[in-house]
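Working notes, structure below.
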Amino acid sequence: MNQDFQEITVEQLSRVIDLLHPCMDDYLYVYDFINDFYYISPHAKKRFSIPDNTFHDVVRTHELFVYPSDIGMLQEDLNALLAGERSFHNLEYRWLDLERQPVWINCRGYVVRSKEKALYMVGCINEIGAKQKADNVSGLLGSSSLQSFLYKISAPFPSGFFLRLGLDDFKEINEKLGIEYGDMILRQTAECISKCISSEQKLYRVVADEFLILDFHGGTYKEAGRLYKTIQQQIVRFVESNHYEAVFTISGGILETEQITDHTFTNIMKLSEFSLNEAKRQGKNRCYRFHGKDYEQFLKRKKLTQFLRQAVYNDCRGFEAYFQPLFHAGTNMLYGAEALMRFHSPEGTMISPGEFIPILEETGLIIPVGRWMLQQSLAACKKIVAQIPDFRISINVSYVQVIKSDIINEIVSAAASQEVSPSNVIVELTESGLLESNPHFTRLLKKLKENGIRLALDDFGTGYSNFHYLNDLRPDIIKIDRSFTAKALANDYEYNLLDLISGMVHTLNLNVCVEGIETEEERNRIQNLSPDYIQGFYFGKPCPYQQFTEQFVK
């Protein structure tokens, strides 16, 4: 057999490669050992960082496009082939693509010899990490096929839409009924969608439990919406015919082609994924139409998230502790201060707490930032207590900190390190965070009381106010939110309601702090309700430590 191959020249093999390469996705090659020459399928230049599809000085040139860590492994294998230790090359390693990113390949080749001397090696390279062009589970073409199709369409795209669909909570089906059952659900979902689309529309399974319908024949947003509704109904019929063994819904995101300015495959996937995720975020089992302003807000939030991560990584650079004064309502004497978190972006912009605090909570970054804030607050308290011994520092604690960190021990430890008595510390918990976490907060309250730290229930009177918290948690202070205060100041009914709440809280031997006082008239009217403490812009806005001490302590 080797004798037969010796009669074939490298030039002839190169011409065969030229003949076959348009017919295949893999890459054929021939390596001429005698002349130190390498020839590979021309389309490899469009994928890898090779200088050309023909080159000499083969081993040294490979160093230009082989992943550095894999060069030694390749040279070792080539040396074994040249030494006659074996005649077949079969190696999995990495080449660099056009963006210098590693791509896993499998390189196979057969060495042709003459009297034990290696003449050349002929073989094939294929990407072992490449995306599938088709999906055997759903029976549909995959995302790489969609990418190939879009690559052939010149921008701008014809009028139409992309409708990206995703099963809601599909993971639960796999967990409860098994992966094989989940595969059956994907096949049936693909069939349901296929029944609803026209012959002019294309359907792909793009990832996991997500599908994408492409319409380049003038389909409008309204038509896409009707198509989604039809698919939604088809899914309901399947669930019913399956005797409700697996109950699931489907969400959709519509991206109209005229809204696309960047026609790359990557951008289309990003925009369609955003649209689908928005539908799921808004409650699932619904369809969302892509809006540029929403996407800009999403990118802004994503950018802010990155700023926050960088800030935490750099020892909370950009965060600052502000302090707002708390006063005794009867004497207007300084009682303490609420420590409030502020953040300056690297661009110098002051970001609203309403923007960055929810992100800190969602990402868990509130835990390290909360520790930093704790140290800043107690360090300030230590300095002020030296002048005002009964000064109290009120520290906001997120429900995320309570559930996912040892916050009480962190507070006690920080107070000890700053030499601040626990009796000078108040922990503020937002009532809205208690809904599903009451056992956690009950344990926290017990530990707070054991350590002599007071508890304030913040934002009382908003959202889901529930009086059983007063009995279960037995907080020391109830803080009436500004929104409730504003209603009470503007409406007699709300004012009388606040009066009743204040009286009830005092009956339970708890203290009341009214927030949001902005004018002298508001202060005078609220004073009639006999609150214990009072807070608001009328007395002072949140400010940095130095300004706070200048204005309220000295």
note = For the chain, the dipole about the Cα centre with charges only on Cβ (Lys and Arg +1, Asp and Glu -1), to the nearest 20 debye, works out at 340 debye
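What ratio of Cα Rg to 2.2 N^0.38 Å holds for segment 177-238? Don't skip to the end; give the middle numbers.
Values: Rg = 12.5 Å, N = 62, 2.2 N^0.38 = 10.6 Å.
Taking N as the residue count of segment 177-238, the ratio is 1.18.
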query = Where the centroid of each part is defined by its Cα atoms, how far is segment 307-345 from segment 239-305 in Å?
reply = 37 Å
ask   = Once the whole set of protein chains is in place, how much accessible area is left on LEU500, using a 1.4 Å probe, in Å² to the nearest 10?
value = 130 Å²
note = Between the modelled labels at LYS117 and LYS383 (7 Å from Cα along Cα→Cβ) the distance in nm is 8.5 nm
message = Loop-only trypsin sites (Lys or Arg not before Pro) in segment 152-249, please: DSSP not H, G, I, E or B, and at most 13 other Cβ atoms within 10 Å.
response = none
message = Residues of segment 362-402 with backbone nitrogen within less than 18 Å of a virtual label 7 Å along the Cα-to-Cβ line of MET333, please, listed as ranges.
response = 384-393
Those lysines that a straight Cα-Cα span of less than 21 Å connects to LYS302, excepting residues fewer than 8 apart in one chain = LYS270, LYS280, LYS293
key: Charge dipole magnitude, Cβ of K and R +1, D and E -1 - segment 260-351, Cα centre, debye nearest 20   = 440 debye
note = Among GLN75, ASN314, THR549, the residue whose Cα sits farthest towards the positive end of the charge dipole of the chain (+1 at Cβ of Lys and Arg, -1 at Cβ of Asp and Glu, taken about the Cα centre) is THR549
key: Calculated FRET value between GLU180 and SER154, using beta carbons and R₀ = 45 Å, to 0.05   = 0.60
message = Run the helix sum for the chain: -39,500 (n - 2.57) per DSSP H stretch of 4+ residues, divided by residue count, reported at 222 nm to the nearest 500 deg cm²/dmol.
response = -13000 deg cm²/dmol
Distance from segment 66-101 to segment 108-179 (C-alpha centre basis), Å = 24 Å
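Beyond a 28 Å Cα-Cα separation, which of these cross-linked pairs lie in this structure: LYS131/LYS195; LYS46/LYS300; LYS303/LYS404; LYS202/LYS229? Spell out each step's value before the answer.
Numbers: LYS131/LYS195 26 Å; LYS46/LYS300 34 Å; LYS303/LYS404 25 Å; LYS202/LYS229 18 Å.
Table pairs above 28 Å Cα-Cα are LYS46/LYS300.
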query = Once the Cβ-Cβ distance between ASP36 and ASN106 is put in as r, and R0 is 30 Å, what FRET efficiency do you end up with, to the nearest 0.05?
reply = 0.80
remark   = Simple SL model, points at 7 angstrom along Cα→Cβ for ASN496 and ASP52; separation in nm is 9.4 nm
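Assuming 0.36 nm per residue, please report the length gained on full extension of the stretch ALA80 to ARG443 beyond their Cα-Cα distance.
On the way: separation 363, 0.36 × 363 = 130.68 nm, distance 6.73 nm.
Gain in length upon complete extension: 123.9 nm.
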remark   = Label model pair ILE128, ASN277: point-to-point distance (7 angstrom along the Cα→beta-carbon line) in nm is 3.2 nm
remark   = Here the tail fraction of P(r) beyond 45 Å, over all Cα-Cα pairs of the chain, rounds in percent to 45 percent
ask   = When the Kirkwood radius is taken over all Cα pairs of segment 207-302, what Stokes-Einstein diffusion coefficient follows at 20 °C and 1.002 mPa s, in µm²/s?
value = 147 µm²/s
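The values are calculated or read from the model by the stated rules, or taken from the named source; none is laboratory data. It should be emphasised that the depicted structure is a prediction, and the values quoted were computed from it without experimental measurement. When we count neighbours, we look across all protein chains shown, and the Cβ atoms used for this are built from the backbone with ideal geometry, even at glycine. Just the protein is used for accessible areas: all its heavy atoms, side chains included, with ligands, DNA and RNA removed. Shrake-Rupley method; radii C 1.70, N 1.55, O 1.52, S 1.80 Å.
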